[in-house]
Amino acid sequence: MSQFNIRNIREISNDPLTKFTNQLAKKLSKFLVGQELDKLENKEDIYSDGQDIDSVVKFHTYSSQTKFDGITQYFPPFEPDGVYNTCWIKGRNLGNTTPDLSTFGNVGTIIGDPLLIDGTPFDYGIHTYGIKSLATRFNRPLSDLENSEYMYIPDATNMQVSGIATGISYFIRFRLKSLAQQASYNRNLFEKIDDNTPSNGVKVCVDSSGRLMVYIKRAGTEYNKQTATSTILVDTVYDVWITYAVSGNVVHVYVNNVDKSLTDPGSPTWHTTLTDHNMDIFRRGTGSDSGYVYGDFYDFELFREKVISAAEVGFHYTNKWTIADIAFGKVMVTNYWATYTEAGVPSTSFTSTSFTSGSFTA
């Protein structure tokens, strides 16, 4: 990462009045400074007080290359389907927002100053050489914004537990760097409530023993589950699926394609500002300055009115992209391009014996 002072490249507005005012201000300043200099015996430099601007530009040198062999067949994924997959964001952006690949417009807003990092050892299967994946690291120690970095997605009906008839499914890919509680609360992977009571909501966190804890509340009734201890360890990338089916009120928690045995953890403690119905990722919600995650964010997906099956979880774990039955490295990625190509090896049919009159027959 490199930095430079951005005020050196600031440009004056093209507006004629603004330009005239700027030039007039410069001439007036020069005249006034000249008058003051004439009063000095030693003609010392004069420094004026003024408002300054502090900015930073980040440069990342991560690069990847892909070898297209001209033989491998690629297949379109299920997502985005325009119906069930209502949110899909990835940890590969450091702007103010990160896009929603689902096309539903549930854009993520990034708060703080997280870093873009090499996501190794995780591999999306789309790069042959170089960096195989990227992730966003939040709340790194000694940062000026440690324990204040997170992401949120504004409330929308298609993000809510409230009103579902079939069920809802969540996916998150992450790596934790610490399991210790932050401000006396468990590390919060994500949390959202749909109303002020709240009567509908979801909360997923990891306690200090590595237990993954899931709280789902629908129409005033809680369906809460937790895994065994040591399910989540530090410095390990996890694919976690959480599904809830309205029929039978069945909850499943899959961790790296394993359907976990679950017990009841009791009721959750929601964030304190219950008027905030946004989806918060890597912290508790507004009003609760706690539960921040020190770790790496890769992916978040939400499927509303679709209960992802165990088979679909397995397909996704295999190919890293989609719930469709596609092999690793064969998922068609829209708008994907790469800089690396390799000339094909000449066909073995082009030999000296093949260039005979007998070889070119109808």
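Just so it is clear, none of the values below were taken in a lab; they were calculated from the coordinates. If you're wondering where the values come from, they're calculated on a predicted model, not measured in any experiment. Quick reminder, even Gly has a Cβ in these numbers, built from the backbone with ideal geometry, and neighbours come from all protein chains shown.
Relative to a virtual label point 7 Å from the Cα of S247 in the Cα→beta-carbon direction, which members of the stretch 167-201 show backbone nitrogen distances below 14 Å? What the label zone holds, given the 14 Å backbone N cut-off, is 167-168.
Per residue, the convex hull around the alpha carbon atoms of the stretch 127-281 comes to 146 Å³.
A full extension of the chain between D118 and D259 corresponds to an added length of 47.9 nm, given 0.36 nm per residue minus the alpha carbon distance.
Take the Cβ-Cβ distance between K330 and A25 as r, set R0 to 51 Å, and report the resulting FRET efficiency rounded to the nearest 0.05. The partial results should precede the final answer.
Numbers: r = 62 Å, r/R0 = 1.22.
The calculated FRET efficiency here is 0.25.
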